[in-house]
Protein chains: 2
Amino acid sequence: MSAYDELMSFERETGALAQVAGRLGWDQETMMPRGAADQRSEELAAMESVLHARRTDPRIGDWLEAAAGEALDEEGAAQLRHIRRSYERANRVPAKLASDLARLTSRAHRVWAEARADDDFAAFAPVLAEVVQLKREEGAALAAGGDVYDALLDDYEPGASAVQLAEMFGALRPRLVALRQAVLDKPQPAPLEGTFDEQAQMKLSRMVAKTFGYEMARGRLDKSVHPFTAGSGDDVRITTRTNALDPFNCLYSTIHEVGHACYEQAIRGGYRFTPLGQGVSMGVHESQSRIYENQLGRSRAFTGWLYERMTELFGDLGIGGAEAFYAAVNRIHNGYIRTEADEVQYNLHVLLRFDLERALIAGDLEVADLEAAWNERFAKDFGFAVDKPSDGVLQDVHWSAGLFGYFPTYSLGNVYAGCLNKALRAAEPDLDAQLAAGDLEKATGWLRDNVQQYGGLYEPRAVIEKACGEAPSEAPLLDYLEAKFGALYGL
Amino acid sequence: MSAYDELMSFERETGALAQVAGRLGWDQETMMPRGAADQRSEELAAMESVLHARRTDPRIGDWLEAAAGEALDEEGAAQLRHIRRSYERANRVPAKLASDLARLTSRAHRVWAEARADDDFAAFAPVLAEVVQLKREEGAALAAGGDVYDALLDDYEPGASAVQLAEMFGALRPRLVALRQAVLDKPQPAPLEGTFDEQAQMKLSRMVAKTFGYEMARGRLDKSVHPFTAGSGDDVRITTRTNALDPFNCLYSTIHEVGHACYEQAIRGGYRFTPLGQGVSMGVHESQSRIYENQLGRSRAFTGWLYERMTELFGDLGIGGAEAFYAAVNRIHNGYIRTEADEVQYNLHVLLRFDLERALIAGDLEVADLEAAWNERFAKDFGFAVDKPSDGVLQDVHWSAGLFGYFPTYSLGNVYAGCLNKALRAAEPDLDAQLAAGDLEKATGWLRDNVQQYGGLYEPRAVIEKACGEAPSEAPLLDYLEAKFGALYGL
């Protein structure tokens with residue numbers, strides 16, 4: 001065997017173990033008995049310890065060195081690039097810190113879930129302070145003298161920097177603020193009202209998931225507090241949640257996760273368990289979930305088809321037709337919750353978190369002051385006050401899980417989705433006719449062929465640029481939003 | 001740290017990883033998408049490879065040697081005894097054979113499930129032949145010149161031998177055959193008839209599981225093809241199955257698994273993830289499941305309480321009272337399926353498998369001839385012919401999973417349950433009054449205090465002997481069965 005083959009055999013086994021560890025996370029959110037949390041922390045720590053030992057195994061360094069002299073194709077070179085980056089990063093984090101973090105975040109997650117249920121930020125703050133402290137230590141170890149936050153961000157969006165993102169967000173913000181204000185000054189369309197059987201919502205979700213190309217034979221749909229996608233290849237599981245008063249919450253959470261899941265299911269089978277066998281970055285991942293959810297799922301054409309399906313399932317929706325239904329789906333509304341935010345305001349939620357977590361990691365903001373800082377910033381951006389912590393600082397799972405640097409990739413994903421939508425519309429002039437018939441095959445096929453199949457083969461910005469034929473920018477997203485909501489609200 | 005402490009720290013991490021691997025098995029039977037089977041095989045093989053490397057890690061040998069000179073209490077000495085046995089056995093099995101077996105049995109399990117659904121033994125035979133071949137290799141490696149089947153048996157029942165078991169089964173058989181014939185010569189009581197809502201069956205199962213002391217906060221109940229228990233400590237999951245025509249199948253499968261699960265949940269918390277932190281053998285495990293299911297769950301007293309609960313849930317059962325209900329629960333009936341067999345005939349099913357699998361491992365029987373051998377032996381023991389493979393040679397999961405040596409522990413467990421029942425009745429003279437009130441606290445408490453809490457602290461026969469105050473023998477089981485069914489059938 002060549003050094004490259006030996007290295008890849010080792011990497012595939014590590015990849016298989018990482019899949020197992022990831023499935024423990026899925027289990028924790030969907031199936032695990034509540035009394036098993038402490039035991040689970042030990043199990044996760046043991047898995048993390050094994051994975052850390054493999055990721056820092058000095059043989060990887062030897063294999064990398066030997067393989068550098070071997071003739072490799074584009075895929076082989078990309079594998080080595082990923083492995084080298086991961087090896088260098090893993091070696092910077094001490095094993096004890098990695099296993100402490102795994103144990104702590106498992107506990108923090110449980111404390112967060114209880115604090116959220118009790119609307120009690122003070123109950124969460126001490127363990128969050130511990131998480132922030134360990135993430136600072138991890139970031140400092142990774143940064144090796146560079147920016148600590150950028151070092152954390154690199155885990156989710158290789159090659160991105162906070163300064164670069166802040167600049168992009170700076171360009172987004174004025175036009176979004178202007179659009180939001182213009183829309184909120186207009187009369188609002190009627191919302192969908194009534195109660196909607198939660199089992200029927202799940203049935204609809206399953207049907208729509210299949211319509212968007214999600215393969216149930218290689219996945220499953222369950223409920224959890226916070227919707228998520230777990231796994232790669234032939235075992236990609238998604239979750240959603242139900243609210244009897246709001247069927248769109250369940251449905252669009254499902255479509256969002258289906259975007260993530262289709263990406264993972266579509267990656268070339270030969271990449272299984274290797275660094276190429278998963279989505280290349282959180283930003284590119286989010287571009288898939290958001291284009292499925294918004295540019296496709298909330299389009300006039302698709303909502304026309306959806307209106308018929310929901311009328312069949314729930315009876316008369318009392319909304320007076322497909323046009324009013326489309327307006328209800330896209331209604332701009334004041335709200336506290338990021339995951340329920342409309343397309344116009346969503347990125348304002350993300351910017352809030354991005355700025356707060358940068359300040360936490362930099363030490364410019366203490367966890368003890370986080371709730372006040374959140375509430376102050378929220379009132380400033382949204383014009384009204386947070387009513388309770390579960391609608392504010394406790395609403396998201398991310399910080400309890402130690403995912404600092406994750407939030408900005410949501411907005412980056414929206415920007416990429418804007419770029420991809422522009423290119424897809426150019427490539428498929430008949431797209432609206434297909435969407436109106438509930439036919440997503442060409443749209444999702446274009447995304448599969450131009451983005452999803454490649455997995456980690458190309459760098460994040462490169463895969464978007466290759467698909468779109470131009471460098472990514474925030475302009476297509478803004479143009480799309482202004483056109484759509486301008487028409488909807490008669491601006 | 002002493003050598004003992006270092007060893008135990010290493011063992012606890014291995015134990016945590018083994019729990020994770022075990023939960024993959026649970027997931028495979030309950031949650032896994034069907035298209036994920038190949039991928040899952042790779043994941044299991046990767047976990048097995050990690051576990052095998054840890055179980056054969058030469059540091060264990062060094063630690064064992066150094067710890068032998070340290071002053072240890074009874075628990076420490078028991079830990080070392082288990083670790084030494086496991087280490088010696090693990091080192092005898094080559095890593096490649098262990099990982100080949102994990103991969104093969106994962107595939108074999110899937111092929112078995114399909115073959116069973118299709119009633120096609122020929123579809124299963126080739127992969128089963130591969131399993132038998134690898135198990136022979138494994139047994140030969142473990143036996144180191146001794147008996148190959150005994151070496152496999154030792155994985156499930158340390159210290160037992162096939163010759164010793166054959167002798168015990170020989171003493172059981174004549175009185176069971178005589179009892180069975182006497183009972184079948186009598187008129188049969190009416191069975192329970194009708195259809196029973198399967199969701200209501202699951203609801204009843206949940207209620208009865210709690211009544212028997214199963215802690216739902218540290219477990220969960222799902223459905224699977226073959227009921228089983230998975231996990232230890234604070235995460236002990238059980239499964240059952242439903243059949244609209246036979247609520248007793250679901251209910252008594254549940255109670256059976258609850259016996260296993262309560263054993264695991266009751267083990268001293270300080271033993272978590274260590275060799276003492278799980279049931280000491282399959283025979284002792286089965287003694288718990290069978291005493292819960294039969295001596296307690298199928299008693300006249302408990303079925304009186306159950307009759308009231310089922311009448312509340314399903315309405316009039318059309319059986320004419322608690323006495324007739326008791327007779328229906330304990331009705332002796334011809335049947336194909338081991339897990340549905342009555343107390344009188346159950347061990348005849350086990351003996352059939354014990355003899356066939358000994359012959360397979362010894363090479364006296366080829367897999368190609370297994371179906372014919374099964375059918376011939378079944379007709380001889382039960383007096384009628386097997387109608388289809390899913391009622392015969394394909395009914396059990398065990399061989400597809402490579403569990404040769406497992407079956408005889410079922411009958412050993414029945415013998416132990418007979419012994420424990422005798423001792424429990426002596427210790428709790430008011431037991432029937434408690435059972436009639438649906439109060440299992442004292443019965444399960446006695447088992448918890450005298451057997452379950454110890455986990456692996458005492459050797460299998462020793463823990464039964466300690467609980468009963470006398471050496472285990474088949475006599476109490478036979479006395480119990482003859483008294484119970486003699487009274488029921490007016491012999």
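Let a ≥ b ≥ c be the square roots of the eigenvalues of the Cα gyration tensor of region B:414-491; is it rounded (a/c under 1.5), or, if not, prolate (a/b larger than b/c) or oblate? Please list the in-between numbers first.
On the way: a/c = 2.72, a/b = 1.29, b/c = 2.11.
Here region B:414-491 falls in the oblate category.
When the Cα positions of A:ALA166, A:SER287, A:TYR214 are compared along the charge dipole of region A:134-291, A:TYR214 comes out farthest toward the positive end, with charges on each C-beta of Lys, Arg, Asp and Glu. Under 17 Å of direct C-alpha separation, and excluding same-chain neighbours fewer than eight residues apart, A:LYS442 reaches these aspartates and glutamates: A:GLU215, A:GLU293, A:GLU428, A:ASP430, A:ASP432. Spin-label pair B:ALA166-B:ASP185: with each label point 7 Å from Cα along the Cα-Cβ axis, the two points sit 3.1 nm from one another. Can you tell me the 0 to 90 degree angle between the C-alpha axis of helix B:95-118 and the longest principal axis of chain B, rounded to 10? Tilt of helix B:95-118: around 20 degrees. Compared with the direct C-alpha span, the chain from A:ASP246 to A:ASP38 gains 71.4 nm at full extension, assuming 0.36 nm per residue.
Which value, in debye to the nearest 20, gives the size of the charge dipole of region A:194-242 about its Cα centre, when Lys and Arg are +1 and Asp and Glu are -1 at the Cβ? Mind showing how you got there, number by number?
Details: 8 positive and 6 negative charges, 8 e Å.
Charge dipole, region A:194-242, about its Cα centre: 40 debye, nearest 20.
In this simple spin-label approximation, B:ASP118 and A:ALA426 carry label points 7 Å from Cα along the Cα→Cβ vector, and these lie 5.0 nm apart. Taking a point 7 Å out from the Cα of B:HIS333 in the direction of its Cβ, the residues of region B:343-378 whose backbone N falls within less than 15 Å of it are B:343-346. Taking Cα atoms only, the orientation of helix B:370-382 departs from the longest principal axis of chain B by about 40 degrees.
The modelled label-to-label distance for the pair A:ALA462/B:ARG81, using points 7 Å beyond Cα in the direction of Cβ, is 6.2 nm. Measure out, as a whole number of angstrom, how far apart the alpha-carbon centroids of region A:91-111 and region B:197-264 sit. With region A:91-111 and region B:197-264 each reduced to a Cα centre, they are spaced 34 Å.
Summary for B:ALA436: label point 7 Å along Cα→Cβ; distances to the equivalent points in the other copies, ascending, 7.6 nm.
Assuming a ≥ b ≥ c are the square roots of the Cα gyration tensor eigenvalues, decide whether region B:162-489 counts as rounded (a/c under 1.5), prolate (otherwise, with a/b larger than b/c) or oblate. Present the calculation step by step, with values, prior to reporting the outcome.
Working: a/c = 1.32, a/b = 1.06, b/c = 1.24.
The shape class here is rounded.
Considering helices alone, the calculated mean residue ellipticity of the protein assembly as shown at 222 nm is -20500 deg cm²/dmol, with DSSP H runs of length four and up weighted by -39500 (n - 2.57) and normalised per residue. Assuming charge only on the beta carbon of Lys and Arg (+1) and of Asp and Glu (-1), the dipole of the protein assembly as shown about its Cα centre is about 520 debye to the nearest 20.
With an a/c value of 1.5 or above and a/b not larger than b/c for the gyration tensor axes a ≥ b ≥ c computed over the alpha-carbon atoms, region B:61-176 is described as oblate.
Suppose R0 equals 35 Å. What FRET efficiency, 1/(1 + (r/R0)^6) with r the Cβ-Cβ distance, do B:VAL177 and B:GLN133 give to the nearest 0.05? Don't skip to the answer; put the middle values down first.
Working: r = 35 Å, r/R0 = 0.99.
Rounded to the nearest 0.05, the efficiency is 0.50.
Compute, for region A:300-350, the length of the dipole vector about the Cα centre, with Cβ point charges of +1 (Lys, Arg) and -1 (Asp, Glu) only. Units Debye, rounded to 20.
Details: 4 positive and 7 negative charges, 30 e Å.
Magnitude of the dipole: close to 140 debye.
With label points set 7 Å from Cα along Cα→Cβ, the inter-copy distances at A:GLU65 are 3.2 nm, sorted shortest first. When both region B:23-62 and region A:121-191 are represented by their alpha-carbon centers, they are found 38 Å apart. Ranked for footprinting exposure by Cβ neighbours inside 10 Å, fewest first, B:ARG84, A:ARG34, B:ARG40 give A:ARG34, B:ARG84, B:ARG40.
Taken together, the values in this text are just the output of simple stated rules run on the coordinates, not laboratory data. Everything numeric in this text was worked out from a predicted model, so none of it was measured. Glycine gets a Cβ as well: all are built from the backbone with ideal geometry, and neighbour counts include every protein chain shown.
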